[in-house]
1. Taking Cα atoms, how many degrees apart are the long axis of helix 237-250 and the longest axis of the chain, rounded to 10 and kept between 0 and 90?
2. Residue 252 to residue 36: extension gain in nm, 0.36 nm per residue of separation minus the Cα-Cα distance?
3. Each label point is 7 Å from the Cα along the Cα-to-Cβ direction; what then is the distance between the points at residue 196 and residue 225, in nm?
4. Can you tell which of 169, 42, 131 shows the greatest fluctuation in a Gaussian network model of the chain with Cα springs below 10 Å?
5. By the gyration tensor of its Cα atoms, with a ≥ b ≥ c the square roots of the eigenvalues, what is the shape of the stretch 226-271: rounded for a/c under 1.5, prolate for a/b over b/c, or oblate?
6. Counting pairs of alpha carbon atoms under 8 Å apart in space and at least six apart in sequence, what relative contact order in percent does the chain give?
7. Test of understanding: ordering 215, 40 by Cβ neighbours within 10 Å, fewest first, what list do you get?
8. For the chain, give me the percentage of DSSP beta bridges that are antiparallel, rounded to the nearest 5 percent.
């Protein structure tokens, strides 16, 4: 009995010590970080589609007063046959393309050619009116809004130093005066971005995802480690800084500006929303927080397919669309793209990154391009085929990556 009591006391003291350590750790963290941030990191953990739609507060976008409706010209069998051939569905142990999509975690898949819907299906509980999150495909909308703001004179030039609009950055570090809006758009600012760090809470990925004041994060947590323009480094502080520039230049929230300049002009059929960092801050999550219906994502693809024009009205300057989606030869040099990305999209598929769009060079047939987001969201555009492909999903599926999905869309566009 005495031995049992001793063991019990040791366990109780150990448990008490552990709880005390946890409590002390949380107390120290609470002195450094907002409690809301600590809660989000510990409870929400890795971000998923539910965070943006259900957990974050939202700012609404209203459906257009005159919605645009694509024509129907279904060719489900033809589209499925080509995708089945491209993917090799037998290797995945499934019988057809629909089953493949369901198993991949897809929620929506749409193929549009010549303004006609060839294939439109929904999976895993989603329907045509299901609100679906964009993840990083939102960054391409950020880019469009910057282009419109330049055209309207709110922003003088994308070669302006960011400090023209965010002077407090120069006060913190004068080197910010060398970073331009273009550098942010190219993901080549020279700013540090380490997704995770040993202390967890100070990793840049959780900070740019869950910190409840993204204005503060962008203005105070950013650190310069290299000269701008030297290499591509995917960095989620960039869209936050662009959102701040848009706010200050236009005097409007990003959502209000988008409602006027994009959502209404392209004839959105449904209401949408933009996730906010918190109720208190009320700043759009520029890196990933747009939430819409799949068919309205397709309309953004149509806008770029038509060179920024919508039924005869120029919504985005044509030169901005061209500049955003066609390769800049100056960036195609050894060492510009990181190795882990270079071997897939940027090397094997002659790919590039331009103004928050991913591009693929087709030689004499020009360029395809895509807005891309985590878990396999994309808006794929092939001008040579007058083709738009939209996928939204819960996950990539089948151990695929974003590059696998983009390569599949590229091959479909080549063969259909």
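1. 70 degrees
2. Working: separation 216, 0.36 × 216 = 77.76 nm, distance 2.63 nm.
In short, 75.1 nm is gained.
3. 1.6 nm
4. Checking each option, the largest mean-square fluctuation is seen for 42.
5. In terms of gyration-tensor shape, prolate.
6. Details: 733 pairs, mean separation 92.9, N = 416.
The normalised contact order for the chain reaches 22 percent.
7. On the way: 215 18, 40 21.
Least to most surrounded, the residues fall as 215, 40.
8. Values: 44 of 46 bridges.
If we restrict to bridges inside the chain, about 95 percent are antiparallel.
FYI, it's all coordinate maths here, none of it is from the lab. The structure presented is a predicted model; accordingly, all values stated were derived computationally and were not measured. Using ideal geometry, Cβ is built from the backbone for each residue, glycine included, and neighbour counts are taken over all protein chains shown.
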